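Step one of this worksheet: look at the structure below.
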Amino acid sequence: MAIAATSSSPLCFLKVISGASWSRNGQILSGRCKANNGTWFGITKRGRVAFLVNTSLLLDRVKANSGSELYPVHFLEGNMSPDQFANELRLHEKQSNERHVYSLIVADMTSSSMVHILKPLDTKSDVIIETVPFGVHTLSSYQGLDSTESSRDSRLRGLFSQMIVDLGNIEKSQMEGIAGRFMYDAAGGRDAVFLQTRDDHPSGNLGSQRFGTTSTTALVVKRTKEVMLFERYMEENGAWTKNHFAFNIQ
């Protein structure tokens, strides 16, 4: 199993999202939401990977001690297989009746196992679980795996499919180029999926706020177990910072 991924998550209003960094034990690489220490993406030196898209960051409904942003953390820190984790999460949703909407992929590179977990409605506890087959895939906050419901979802899939064809023996400079071209098409932006605008805050009493993409991540995991990650993320002052990481799955 090899993974190539380019992410534009999350979209949010006010929440502070940190850049990717290693956990205290040096085993988990991820960015974190400072409101609840959850994450939308992470990878471990053991080869465990999680990708999340949800609506709570999108609508600025992040809670201090709960949220689907904590599910990737639980998977990355644990030892359950993707299938076991998915079934445990399904049981948790039925028992807790938490009002989340999310699409989550969990994978174990060492066992070549990848599972998609979708909770499509905040009014029901139903969770859909499906094995992710080999191929090109995208995630949507509302429609789940490989959605083409919106023009942004279709644009995301088309761009990613086009760019991974040329990956080859990718180097650090190519990672940055792919992430940049994917998100910020210099030729005019018509094909880019980056978003930055102003919109009314969903709470109704905070007025117009800056809304948009707060980070871009490009990840490649080679069959040789070499991992390369490039990230461009927004600081609290609005400035953009770049990070590069390279390591081998143990």
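The values are calculated or read from the model by the stated rules, or taken from the named source; none is laboratory data. Computed from a predicted model, the values in this text were never measured in an experiment. Reconstructed Cβ throughout: ideal geometry from the backbone, glycine too, with neighbour counts over all protein chains shown.
Figures for the structure shown
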{"read-out": "Scope segment 215-237; condition at pLDDT 75 or above and assigned to a loop (DSSP other than H, G, I, E, B); matching residues", "value": "Lys222, Arg223, Thr224, Lys225, Glu235, Asn237"}
{"read-out": "Out of Ser112, Ser96, sole residue that is in contact (Cβ under 8 Å) with a residue 60 or more places away in the chain, among the polar types (S, T, N, Q) and out of contact with any Asp or Glu (no Cβ under 6 Å at 6 or more places or on another chain)", "value": "Ser112"}
{"read-out": "Segment 85-140, subset in a helix (DSSP H, G or I) and polar (S, T, N, Q), residue modelled with the highest pLDDT", "value": "Asn87"}
{"read-out": "Selection within segment 5-41 - modelled with pLDDT of 85 or more and among the aliphatic types (A, V, I, L, M)", "value": "Ala20, Ile28, Leu29"}
{"read-out": "Residue among Gly180, Gly189 that alone is modelled with pLDDT under 75, surrounded by 15 or more Cβ atoms within 10 Å (Cβ to Cβ) and either outside any strand (DSSP E or B) or under 20 Å from the mean Cα position of the chain (by Cα) (or both)", "value": "Gly180"}
{"read-out": "Every residue from segment 109-129 that is within 15 Å of Leu52 (Cα to Cα) and touching a Gly at 6+ places or on another chain (Cβ under 6 Å)", "value": "Leu118"}
